[in-house]
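Inspection log for the structure reproduced underneath, given as structure tokens.
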Amino acid sequence: MWLAVSGRLARSTAPMLTGALRLREAEGFTVLFVDVGALADDRELTLQEIRDLFPGGRRLAFHIIGSADDLRLQPGHDRRFVFHPGPASAWTVWVRGPSTMPSTRGRKTVLPSVRTRSRRSSLGSIT
């Protein structure tokens, strides 16, 4: 699942992002590509609160597209995260499929060929 997130990341909007990610997990997705290139961090959240936006557990892998600095996350700090400097490198991994993705030991990888949803909220848009 590829999600493009835009708008402002603040205390009031953070639950919407978490909710969207948990919904995708509930739908069975285990590999989520999250494009944060158009997300503005209002710096209201602590680093731990930002990490907590992403559902925990060994089951999920998040490919963060855009600068890791945008979310103040450190590459290598959390094995759930794979960082891509831009859409091109993430797209290369996406089109090659699960064999090019980090190990998902114990995870069932679900990558649908076509699935789109769009939601609008004060967070901006989550597609």
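Observations on the structure shown:
- Considering only residues in segment 45-65 that are within 14 Å of the chain's Cα centre (by Cα) and within 17 Å of R11 (Cβ to Cβ), the one that is surrounded by the most Cβ atoms within 10 Å (Cβ to Cβ) turns out to be F54.
- Candidates A68, A90, A26 - the one that is open to solvent by less than 50 Å² (accessible area, probe 1.4 Å) and modelled with pLDDT of 90 or more: A90
- Against the conditions (1) buried (at least 20 other Cβ atoms within 10 Å of the Cβ); (2) closer than 23 Å to S12 by Cα; (3) of a type outside the set (A, V, I, L, M, F, W, C), D42 satisfies every one except (1).
- Residue pairs meeting the criteria (Cβ under 7 Å; at least 6 apart or on separate chains; first open to solvent by less than 30 Å² (accessible area, probe 1.4 Å), in segment 1-23; second assigned to a loop (DSSP other than H, G, I, E, B) and β-branched (V, I, T)): L3/T127; G7/T13
The values are calculated or read from the model by the stated rules, or taken from the named source; none is laboratory data. The structure displayed is predicted, hence computed values, not measured ones. Because the Cβ atoms are built from the backbone with ideal geometry, glycine has one as well, and the counts that use them run over all protein chains shown. Quick note on the areas: whole protein, heavy atoms, side chains included, nothing else; ligands and nucleic acids left out. Shrake-Rupley method; radii C 1.70, N 1.55, O 1.52, S 1.80 Å.
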